[in-house]
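The structure under discussion appears below in the form of structure tokens.
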Amino acid sequence: MSKHSNIVILTGAGISAESGVPTFRTKGGETYWEVYEDDLVPKYHRVEDVCTPEALAADPVLVHRFYDMRRAALAAVQPNAAHQALARLDRSWSGDLLIVTQNVDDLHERAGARRLQHMHGELNSALCAACEARAPWPDPMPPGQPCAMCKQPALRPDIVFFGEVPYGMERIEEALAGCDLFVSIGTSGAVYPAAGFVQLARRFGAETLELNLERSAGSGWFAQSRLGPATQLVPAWVDETLAD
Ligand code: BV8
């Protein structure tokens, strides 16, 4: 890869997989979350049942419990070599760099990444559905928690559900317009607008690289695809980029 100045990196569930954070599963064309509840048998939650505003309105107890379980599971996982390599790149890179993550876990920041945008929200944050105030929230969040700002019993997981607008889109589009390298790590390319970022980057003339365990829905858009586990591919790519 030639020398670059400004880099945008998109990450998905695959970068956290080797930390033990379950990715999506698709069975018979349906997308599920594989969630380990108290017992060791994974339970499958259909995305439509837990990741839409309609699901939150229809069954707040289920949706809050689903996110409580995933938030609690964060205490048992650690950043892996891929998160650490990206944080090292972030610290050493003198050009523009933005890590855009679709993930709602906190593993990028725990590895030390700073130039980071959570476009689908964060497990450790609460959003007030009444006044849109946000607050750090590492604990369980039963439905109806009062907002510290407006006092309404309206706190919800600070998560971008399907049909809601992802966070930081202006910042992301600006970074894509100015980058000369776009790297996608551990994402299936199943969810938009994230899945379309590679096409935007190409239109702006950037070089494009995919690092993924297997071919994804978007592989055809990338100038180069390297297949393998993120904990091997990402540190090697960061070494290569810093040595350029
Ligand atoms: C929006 C919440 C308008 C947090 C999530 C029809 C066509 C096109 C689009 C649509 C359509 N109908 C509706 C839409 C839009 C919709 C959408 O894309 N639907 C899909 C299902 C078709 N999108 C939306 O609604 C978005 N909003 O469009 O608003 C708008 C847009 C722009 C500007 C203004 C307005 C909102 C989408 C956000 C939904 N919320 N999550 C949470 O609970 O997690 S998305 C959810 O799915 C996850 O957060 C994650 O982002 C995504 C799953 O994708 P991945 O991260 O890629 O994970 P996955 O498991 O699928 O893949 C893992 C990959 O890793 C695999 O490829 C695997 O091979 C690889 N891997 C595994 N292990 C490893 C590995 N790689 C390396 N190493 C390993 N060890």
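The values are calculated or read from the model by the stated rules, or taken from the named source; none is laboratory data. Everything quoted here is computed from the prediction, not taken from an experiment. In this analysis, Cβ positions are derived from the backbone assuming ideal geometry, glycine residues included, and neighbour counts consider all displayed protein chains. Calculation scope for accessible area: heavy atoms of the full protein, side chains included, ligands and nucleic acids excluded. Shrake-Rupley method; radii C 1.70, N 1.55, O 1.52, S 1.80 Å.
Listed values, structure above:
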| quantity | calculated |
| --- | --- |
| Solvent-accessible area of MET141 with every protein chain in place, 1.4 Å probe, in Å² to the nearest 10 | 0 |
| Region 190-234 versus region 61-84: alpha-carbon centroid distance in Å | 25 |
| The chain, dipole about Cα centre (Lys/Arg Cβ +1, Asp/Glu Cβ -1), debye to the nearest 20 | 200 |
| Sequence ranges 225-232, 123-130, ranked by mean other-Cβ count within 10 angstrom, highest first | 123-130, 225-232 |
| Protein-only accessible surface order, largest first, of ARG171, ARG46, ARG215, ARG134 at 1.4 Å | ARG215, ARG134, ARG171, ARG46 |
| Which of CYS150, PRO229, VAL50, positive extreme of dipole for the chain (C-beta unit charges) | PRO229 |
| Separation in nanometres of the label points that stand 7 Å from Cα toward Cβ, at ALA75 and ALA58 | 3.2 |
| Antiparallel bridge percentage (DSSP; both residues within region 43-194; nearest 5) | 70 |
| Per-residue ³J(HN,Hα) for region 126-133, Karplus 6.51 cos²θ - 1.76 cosθ + 1.60, θ = phi - 60°, Hz, x for Gly and Pro | 10, 10, 8, 5, 8, 10, 6, 5 |
| Per residue accessible area in Å² of the chain, where ligands, DNA and RNA are left out and the probe is 1.4 Å | 47 |
| Candidate residues TRP93, TRP221: accessible-area rank, largest first, probe 1.4 Å | TRP221, TRP93 |
| Relative contact order [Cα under 8 Å, 6+ residues apart], the chain, whole percent | 22 |
